[in-house]
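The structure under discussion appears below in the form of structure tokens.
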Amino acid sequence: MEGFCVTCVFNLKPEVAGRMNGIIDSVYEKSLKEKGCLEYRWYKSETNSSDFLLFMTWESESAFQEHVKTNHVSDAEEELKEVLQKPYQDMGWRFLDPER
């Protein structure tokens with residue numbers, strides 16, 4: 001699969017971890033409908049209910065950058081500031097073709 005992959009790890013304050021479902025709901029459908037979105041998945045840790053992972057694949061890095069500028073992402077980031085134990089970690093990834 002070609003594209004630009006981004007992973008984000010979120011570590012929430014345990015007492016507010018239940019708010020994450022609302023944050024996810026506020027961005028999920030809108031993000032999937034954006035131009036250039038190939039994959040948009042959320043995961044919850046099996047070992048720590050306060051840890052979440054967002055896994056996204058975009059057609060290009062520029063498509064991802066457009067996603068970051070949307071109102072729904074800005075709104076979610078504001079809400080995340082209230083529930084995170086520490087700033088979230090994000091990493092960009094490029095596909096390595098084993099047949100290259």
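Here the residues 40, 28, ranked from fewest to most Cβ neighbours within 10 Å of their Cβ, fall in the order 28, 40.
Axis angle, to the nearest 10 degrees, between helix 20-32 and the longest C-alpha principal axis of the chain: 20 degrees.
Full extension from residue 32 to residue 15: what is 0.36 nm times the residue separation minus their Cα-Cα distance, to one decimal in nm? Mind showing how you got there, number by number?
Details: separation 17, 0.36 × 17 = 6.12 nm, distance 2.90 nm.
Contour length minus Cα-Cα distance gives 3.2 nm.
Cβ crowding within 10 Å ranks 53, 96, 12 as 96, 53, 12, fewest other Cβ atoms first. Rounded to the nearest 20, the size of the Cβ-charge dipole of the chain about its Cα centre is 140 debye, with Lys and Arg at +1 and Asp and Glu at -1.
Given their separation in residues at 0.36 nm each and the Cα-Cα distance between them, residue 47 and residue 95 gain 14.4 nm when the chain is fully extended. For the chain, the mean residue ellipticity at 222 nm estimated from helices alone is -10500 deg cm²/dmol, where every DSSP H run of n ≥ 4 contributes -39500 (n - 2.57) and the total is divided by all residues, rounded to the nearest 500.
Of the GluC sites (Glu not before Pro) found in the stretch 1-95, those in coil by DSSP whose Cβ has at most 15 other Cβ atoms within 10 Å are 2, 46, 59.
The value of relative contact order for the chain, using C-alpha pairs under 8 Å at least six residues apart, is 46 percent. Note on the chain: the alpha carbon radius of gyration divided by the globular reference 2.2 N^0.38 Å gives 1.11. Against the longest principal axis of the chain, how steep is helix 71-83, in degrees 0 to 90 to the nearest 10, with axes from Cα atoms? So the inclination is approximately 40 degrees.
Read-outs: derived from the displayed coordinates by stated rules, not from any lab. Predicted, not measured: the structure shown is a model, and the values here were computed from it. So basically every Cβ, Gly included, is an ideal-geometry build from the backbone, and we count neighbours across all protein chains shown.
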